[in-house]
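Just below is one structure, and these are the notes that go with it.
The values are calculated or read from the model by the stated rules, or taken from the named source; none is laboratory data. The structure displayed is predicted, hence computed values, not measured ones. As a convention, Cβ positions derive from the backbone with ideal geometry for all residues, glycine included, and neighbour counts pool all protein chains shown. SASA here: full protein model, heavy atoms, side chains in, ligands and nucleic acids out. Shrake-Rupley method; radii C 1.70, N 1.55, O 1.52, S 1.80 Å.
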Amino acid sequence: YERKQASTTLCSLIKNAARHRGTLGALYELLTAPACHVLDKWFESDMLKATLACDAVIGAMISPRDVGSGYVLLHHVLGEAAGKQGVWAYVEGGMGRISDAIASSAKEAGAKLLTDCEVKSIDLDERTASATGVTLKGGESLAARVAILSNCTAHQTITQLLPENFLDS
């Protein structure tokens, strides 16, 4: 079923690309080019370009001359907050408040949250390869009733916490 769905999606994508082939170059340029290139192409005023360049770099830790900053510009100009396009919003009390809210909701749903403890490995059911719990560096094993969430990158989770042969199964 998934393969059929992927094929259908790919066919639809190819048909749309063919239908809009005249604008694909401009879209590709916008998504991959430095913002300064995009802004130079569309605007003459250095003051306006400098103002718009802020949207291309804020929160991205890049320069408007970096490849891909054109996409960041597009993302920020087209984005929305509270139903208003191009508007920015900040979390009252800082971004940590989001983590606090997630933790609070998880606890209300019965989750047990542990901090300041290092996980040695994710334990798997040998038959199904499903995660069943974790083993901490100190040797304590903790069983999971529903799921295990990893705060590591996918690479770290797979290469450092799962058995070496995990991807082979």
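Based on what the data block shows, is residue 19 at pLDDT 85 or above, farther than 30 Å from residue 149 by Cβ, in contact with a helix residue (DSSP H, G or I) (Cβ under 6 Å, 6 or more places away or on another chain) and of a type in the set (D, E, K, R)? No; evaluated as a whole, the condition is false for this residue.
Scanning segment 65-95 for residues that are open to solvent by less than 40 Å² (accessible area, probe 1.4 Å) and not hydroxyl-bearing (Ser, Thr, Tyr) yields 68, 70, 72, 73, 76, 79, 81, 86, 94. Here is a check on your reading of the model: is residue 129 among the small types (Gly, Ala, Ser) and in contact with a Phe, Trp or Tyr (Cβ under 9 Å, 6 or more places away or on another chain)? Yes; evaluated as a whole, the condition is true for this residue.
Taking segment 111-163 as the range and being open to solvent by less than 60 Å² (accessible area, probe 1.4 Å), over 28 Å from residue 100 (Cβ atoms) and either basic (Lys, Arg) or part of a loop (DSSP other than H, G, I, E, B) (or both) as the test, the residues that pass are 125, 129, 130, 139, 162, 163. For segment 18-49, a residue qualifies if it is among the aliphatic types (A, V, I, L, M) and in contact (Cβ under 8 Å) with a residue 24 or more places away in the chain, and the qualifying residues are 30, 31, 33, 35, 38, 39.
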